[in-house]
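Each remark here refers to the structure printed beneath this line.
The values are calculated or read from the model by the stated rules, or taken from the named source; none is laboratory data. Here the structure is a predicted model, which is why all the values come from computation and not from measurement. Here the Cβ positions follow ideal geometry from the backbone for every residue, glycine too, while neighbour counts run over all protein chains shown. Remember, those area values only see protein heavy atoms, side chains included, never the ligands or the DNA or RNA. Shrake-Rupley method; radii C 1.70, N 1.55, O 1.52, S 1.80 Å.
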Amino acid sequence: MTQTDTANSFVSTFTLPGAAEGPLSGLTFGAKDLFDIGGHVTGYGNPDWARTHPAATSTSPAVQTLLDAGANLLGKTHTDELAYSLMGANMHYGTPVNSADPRRVPGGSSSGSAAAVAAGLVEIGLGSDTGGSVRMPASFCGVWGLRTTFGLIPLEGAMPFTASFDTVGWFARDADTMGAVADAYGCPVVPAPTRLLLPVDIWARAEPDCVAAMAPAMARLQAHMGPATPILLAPGGLGMWRETFRICQAAEIWQALGGWISEHRPKFGPGIRERFQIAEQITAEEWSAAQAEHTRIRARMAEVVTEDAVLVLPTSPGPAPFLSEPPEALDGFRQRAFELLCPAGLSGHPQLSVPVGKVEGGPVGMSLLGAPGQDRQLIALAKAARLGGAF
């Protein structure tokens, strides 16, 4: 990497050249430090993890695909500790700079990849999304970010987290780059959605200033697709959906990481430590009940988001919180945000966040959520409706 890391976005820098030709030829990317890269230790945002694991012997397919498509890898980007946060702060390595508004957190857990793209250090930021780890930093940093359809892109060679929710995702500053990455990953070509749905219960969770900032983009989207049909997405309440996601996610995280945590007793930062303590205490009965509710929610999402329909929703309740906010305020924002983020996580649907405005200097993103396999079509729809901009 020849330029200075002005955003504290990289945990380590090195150059792996991509193939001489391909759809991403000449572009650069950073990879979240939970993807294996041969010869490098995958630090997973925690020095104790890095200390207790050897260098990877092979490169994750998600990374190798971008290299094979011609993109040049410039290094490994920061992640929240063991990817278990949404704000982007890391006690051990610091907080990447949100170049769109340096007073604010960048979002996480794919914090470094989003920050690197926002700062213009790379054209593509490779990340992962379980509960919002691409969508949230995309909204906060004023860039495009896609959570892909669950299972669409292999996660071999990525650190363990959850079996039911983890997905690959990426960031870029424009639709054309987003589309080129979709080409590289071989995202399917399917018919574009023709109906626009507006989940009123999700929009009610967004701050009024955030809704107002998205109004011009919403007008362009409806001019392109026709008027949005209002719906009630979660008849039983989004709070129940959030709790279902929280319990299922926490139980699976402890299943994946509890053994290592119990053996090594790593030093975690505020918030991360408490979340792992809660995860350890999830009972089998709680998990079983949440799994049954998860099945019902997936059925509801499949009923609503059919192949011809797309949901439009705010990515986040508002702009990124300020760096000066106390931990309890950040956690409160995180809880509110999960009510907007959990539908895609619970259903496995793709969701694209597009920068569409600002509130008091902080970017806000609007999302398109489609049926499984609609990843490429969401990008094409956002481009055709002239969404996105320089925020």
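Orientation-averaged projection of the chain equals 16.8 nm² [convex hull of Cα atoms, one quarter of hull surface area].
Highest mean packing comes first when the peptides 97-107, 48-58 are listed by Cβ atoms within 10 Å, giving 97-107, 48-58. If both residues of a DSSP beta bridge must be in the chain, then about 70% of such bridges are antiparallel. Close amide H contacts of N8 (hydrogens built in the peptide plane, cut-off under 5 Å, sequence separation of 5 or more or a different chain): V97. Projected onto its three principal axes, the C-alpha set of region 202-304 covers 57, 31, 20 Å, listed from the longest axis down. Fraction of C-alpha pairs exceeding 18 angstrom in region 127-213: 58 percent, rounded to a whole number.
Taking the DSSP beta bridges with both ends in region 1-157, the antiparallel portion is around 35 percent. Based on the Kirkwood approach, the hydrodynamic radius assigned to region 306-350 is 12.3 Å, with every pair of different Cα atoms included. For region 237-391, dividing the convex hull volume of the Cα atoms by the residue count gives 140 Å³ per residue. Amide hydrogen proximity for H40: with H placed 1.01 Å from N in the peptide plane, the residues at 5 or more positions away or on another chain lying under 5 Å are A56. The rule of thumb for compact globular proteins, 2.2 N^0.38 Å, goes into the C-alpha radius of gyration of region 63-167 1.01 times. For region 244-374, the per residue solvent-accessible surface stands at 38 Å², with DNA, RNA and ligands left out and a 1.4 Å probe.
Dividing the helix sum by the residues of the chain, where each DSSP H run of 4 or more adds -39500 (n - 2.57), gives a mean residue ellipticity at 222 nm of -12000 deg cm²/dmol.
If the chain linking S58 and T6 were pulled fully straight, counting 0.36 nm for each residue of separation and taking away their Cα-Cα distance, it would gain 15.8 nm.
Can you pull the percent of Cα pairs in region 338-379 with separation above 17 Å? So the portion of pairs separated by more than 17 Å is 38 percent. For the chain, complete DSSP H runs whose alpha carbons reach 15 Å or more along their own long axis and whose mean Kyte-Doolittle score is -0.5 or higher are 208-225, 238-264, 327-347. Comparing Cα centroids, region 29-72 and region 112-182 end up 15 angstrom apart. In whole percents, the pair-distance distribution calculated for region 100-146 from its alpha-carbon pairs, binned every 5 Å from zero, is 5, 30, 38, 21, 6, 0.
Compared with the alpha-carbon gap, the fully stretched path from R296 to T229 is longer by 21.8 nm at 0.36 nm per residue.
Taking the 1.4 Å solvent-accessible surface of the chain as the whole, the part contributed by carbon and sulfur is 55%.
Label positions at S164 and S262, each projected 7 Å from the Cα along the C-beta direction, are separated by 2.1 nm. The order of the peptides 177-188, 372-383, 72-83 by mean Cβ neighbours within 10 Å, most packed first, is 72-83, 372-383, 177-188. Label point of S25 set 7 angstrom out along Cα-Cβ; within region 54-74, amide nitrogens under 14 Å from it belong to 68-72.
Each peptide among 202-214, 334-346 gets the average number of other Cβ atoms lying within 10 Å of its residues, and from highest to lowest they stand as 334-346, 202-214. When only alpha carbons of region 265-350 are considered, Rg and Dmax amount to 16.4, 49 Å.
For T130, nonlocal amide neighbours, meaning residues 5 or more places apart or on other chains whose placed amide H falls under 5 Å from its own, are T167.
Region 81-111 and region 207-263 have their alpha-carbon centroids 20 Å apart.
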